[in-house]
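These notes concern the structure reproduced below.
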Amino acid sequence: VAVLQHLVFEVPGATAPWTVQVRIARRSSGALRKDAYQNAIRLYARVAMRGDPPMTGPVALNFGFYIRENADKRRGDLTNLQKCAEDALQGIVIGDDRQVVSVESALHLQAETDRTVIEARQVPAATG
């Protein structure tokens, strides 16, 4: 019987939505925020994975986005927050986003602190 991996970790700090990359000489403030947010997710993901390779097979993801009451109004919508976070997991927690068979996301407004809670778990492969 294979042991299925399960991982939960928290990334402190403000969230940033996924944005379309436009080729311009200077990166927009939105693109810079997205890059910083994804780099923070990658850092905490690497620590949580403890040097293990990315999960293989089907994976379920759960995202909790906690945003302070007086937080920046440019936080983005839930779908773009999820996409930004999911993209940052590739190559660290999951090998590829095609492995993702289930996603749950929740936006928690008026939180005490800005943070993202990420859960990833391998799920048994479907048979039949």
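The values are calculated or read from the model by the stated rules, or taken from the named source; none is laboratory data. What you see is a predicted model; the values in this text were computed from it and never measured. Neighbour counts run over all protein chains shown; Cβ positions are idealised from the backbone, glycine included. Just the protein is used for accessible areas: all its heavy atoms, side chains included, with ligands, DNA and RNA removed. Shrake-Rupley method; radii C 1.70, N 1.55, O 1.52, S 1.80 Å.
Could you identify the single residue in 104, 119 that is touching a strand residue (DSSP E or B) at 6+ places or on another chain (Cβ under 8 Å), farther than 15 Å from residue 54 by Cα, at pLDDT 95 or above and among the charged types (D, E, K, R)?
Going through 104, 119 in turn, just one is touching a strand residue (DSSP E or B) at 6+ places or on another chain (Cβ under 8 Å), farther than 15 Å from residue 54 by Cα, at pLDDT 95 or above and among the charged types (D, E, K, R): 104.
What is the number of the single condition among (1) open to solvent by 40 Å² or more (accessible area, probe 1.4 Å); (2) farther than 21 Å from residue 6 by Cα; (3) not charged (D, E, K, R) that residue 67 does not meet?
(1)
Could you go through region 80-91 and let me know if any residue there is closer than 23 Å to residue 112 by Cβ, among the charged types (D, E, K, R), under 12 Å from the mean Cα position of the chain (by Cα) and modelled with pLDDT of 95 or more. Steps first, answer last, please.
Of region 80-91, the ones closer than 23 Å to residue 112 by Cβ are 81-82, 84-85.
Retained after the next criterion (residues that are among the charged types (D, E, K, R)): none.
No, every residue in region 80-91 fails to be closer than 23 Å to residue 112 by Cβ, among the charged types (D, E, K, R), under 12 Å from the mean Cα position of the chain (by Cα) and modelled with pLDDT of 95 or more.
Given the residues 40, 31, 25, 71, which is the only one that is within 14 Å of the chain's Cα centre (by Cα) and either at pLDDT 95 or above or not aromatic (Phe, Trp, Tyr) (or both)? Before the answer, list the steps.
Details: 31 fails: within 14 Å of the chain's Cα centre (by Cα); 25 fails: within 14 Å of the chain's Cα centre (by Cα); 71 fails: within 14 Å of the chain's Cα centre (by Cα).
The conditions single out 40.
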